[in-house]
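See below for the structure under consideration.
Each reported figure results from applying straightforward, stated rules to the coordinates on display, with no laboratory input. All values reported here derive from a predicted model rather than from experimental measurement. Positions of Cβ are backbone-derived with ideal geometry, glycine not excepted, and every protein chain shown enters the neighbour counts.
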Amino acid sequence: MPDAKRVAVVTGASSGFGAAAARALARDGFEVVVGARRLERLRAVAAPIGARALPLDVTDPASVAAFAASVARCDVLVNNAGNAFGAESIADADEAKWRAMFELNVMGVLRVTRALLDRLLASGDGLIVNVGSIAGFEVYPGGAGYTASKHALRALTRTLRLELLGKPVRVTEIAPGMAETEFSLVRLDGDAERARKVYEGMTPLAAEDVAEAIAWVAGRPPHVDIDELVIRPRDQATAMLVHRRRPD
Ligand code: NDP
Ligand code: 8X3
């Protein structure tokens, strides 16, 4: 009898990178389990690729526990759920937004990783892909709450790599630059015009560009750990240096 399919779990798969990664991993032969809060959106991603859609709020320990209890096998975990809230300077920082970013981008990853770690180890060839950001090693004005959370996530990821050395679980950080998803819309509190301006005159990454990298990482043989992968648009040299074409 052939081996059962390898199982990939993707958090935050109702839009953006997570939805595209779920599609790419299903295409590459994984059985896919997706989680997010917006269930209708999640089901619309899951149905065409035969994935299992489960409610998940990574900021809620009970939700993470229920999610993990429904996942019997996990070979690949893509910790993708994350967002930025606001673009205020430190002088004008909103503590509630900072807390929300740390709960989601750092504690959420910690929770889901701990909840599924036993299954990743039991798989004999586990892989954890944490979706970080260039904000994990660069900073920019108005970005401190988000960059601090992604710096923290980077520290978590690097530590995990050390702590899992000698065990059959690989650890990867994917660090994208500017990508046009729902990210800016969420960051700017639903202001579509401001969100559009973020990418004005430049060509950002698409969700699929990052998803292909995640699928490629997941397809490497067990002895190969892609420790970190930085992916930027050609038009973005650093978080603060972006080439924008002027309208004709
Ligand atoms: P999107 O806003 O399109 O996607 C974010 C996803 O996270 C959604 O599916 C959302 O689902 C999910 N999510 C948010 N809060 C929670 C929660 N509490 N529990 C579970 N899921 C949650 O943005 P992206 O696809 O761009 O973002 C994905 C990741 O990529 C994030 O970690 C982000 O920081 C990172 N990133 C993004 C970049 C960009 O420029 N776009 C660049 C670098 C990194 P729902 O609301 O349904 O729960
Ligand atoms: C999102 C990329 O440049 O807005 O992680 O911080 S950036």
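Separation between the Ala69 and Thr159 pseudo-spin-labels, each 7 Å from Cα along Cα→Cβ, expressed in nm?
Placing both labels 7 Å along Cα→Cβ, they lie 2.8 nm apart.
Applying 1/(1 + (r/R0)^6) with R0 = 25 Å to the Cβ-Cβ distance of Glu40 and Ala91, what FRET efficiency is obtained, to the nearest 0.05?
Numbers: r = 39 Å, r/R0 = 1.58.
Efficiency, rounded to the nearest 0.05: 0.05.
Between Arg114 and Met240, what is the spin-label point distance in nm, taking each point 7 Å from the Cα along the Cα→C-beta axis?
Spacing of the two 7 Å Cα→Cβ label points: 3.6 nm.
So what are the ³J(HN,Hα) numbers for the stretch 177-190, from phi and the Karplus equation (6.51, -1.76, 1.60; θ = phi - 60°), rounded to whole Hz, Gly and Pro as x?
Whole-Hz 3J(HN,Hα) from phi for the stretch 177-190: x, 5, 9, 8, 10, 8, 3, 5, 4, 5, 4, 9, 6, x.
In nm, to one decimal, how far is the modelled label at Asp227 from the one at Arg27, with both set 7 Å along Cα→Cβ?
With each label placed 7 Å out from Cα toward Cβ, I get 3.0 nm.
So which aspartates and glutamates can Lys167 reach, going by Cα to Cα under 16 Å and dropping same-chain residues fewer than 8 places off?
Asp75, Asp118, Asp125, Asp225, Asp227
Compute the acute angle (0 to 90°) between the alpha-carbon long axis of helix 108-122 and the principal axis of greatest extent of the alpha-carbon atoms of the chain; round to the nearest 10°.
With rounding to tens, the tilt is 20 degrees.
In sequence order, what are the phi-derived ³J(HN,Hα) couplings for the stretch 93-99 according to the Karplus relation 6.51 cos²θ - 1.76 cosθ + 1.60 with θ = phi - 60°, rounded to whole Hz, with x for glycine and proline?
Once θ is set to phi - 60°, the couplings for the stretch 93-99 become 4, 9, 4, 5, 5, 4, 4 Hz.
Report the relative contact order of the stretch 7-231, percent, no decimals, based on alpha-carbon pairs under 8 angstrom and at least 6 residues apart.
Values: 426 pairs, mean separation 47.6, N = 225.
Worked out over the stretch 7-231, it gives 21 percent.
Tabulate in residue order the Karplus-calculated ³J(HN,Hα) for the stretch 125-130, using 6.51 cos²θ - 1.76 cosθ + 1.60 with θ = phi - 60°, rounded to whole Hz; enter x for Gly and Pro.
8, x, 8, 10, 10, 9
Excluding residues fewer than 8 places away in the same chain, name every one of the lysines whose C-alpha is closer than 19 Å to that of Lys150.
Lys97
Quick one: angle between helix 207-218 and the longest Cα principal axis of the chain, in degrees between 0 and 90, rounded to 10, please.
So the inclination is approximately 30 degrees.
Quick one: which residues, 5+ away or cross-chain, put their amide H under 5 Å from the amide H of Gly126? H built at 1.01 Å from N.
When sequence neighbours closer than 5 places are left aside, the close amide H contacts are Val169, Arg170.
Show me the three semi-axes of the equivalent ellipsoid for the stretch 105-248, from the C-alpha gyration tensor (sqrt of 5 times each eigenvalue), largest first, rounded to whole Å. Don't skip to the answer; put the middle values down first.
On the way: eigenvalues 193, 54, 34 Å².
After scaling each eigenvalue by five and taking roots: 31, 16, 13 Å.
Sort 9-21, 69-81 by the packing proxy (mean of other Cβ within 10 Å over each peptide's residues), most packed first.
With the highest mean Cβ count within 10 Å placed first, the list reads 9-21, 69-81.
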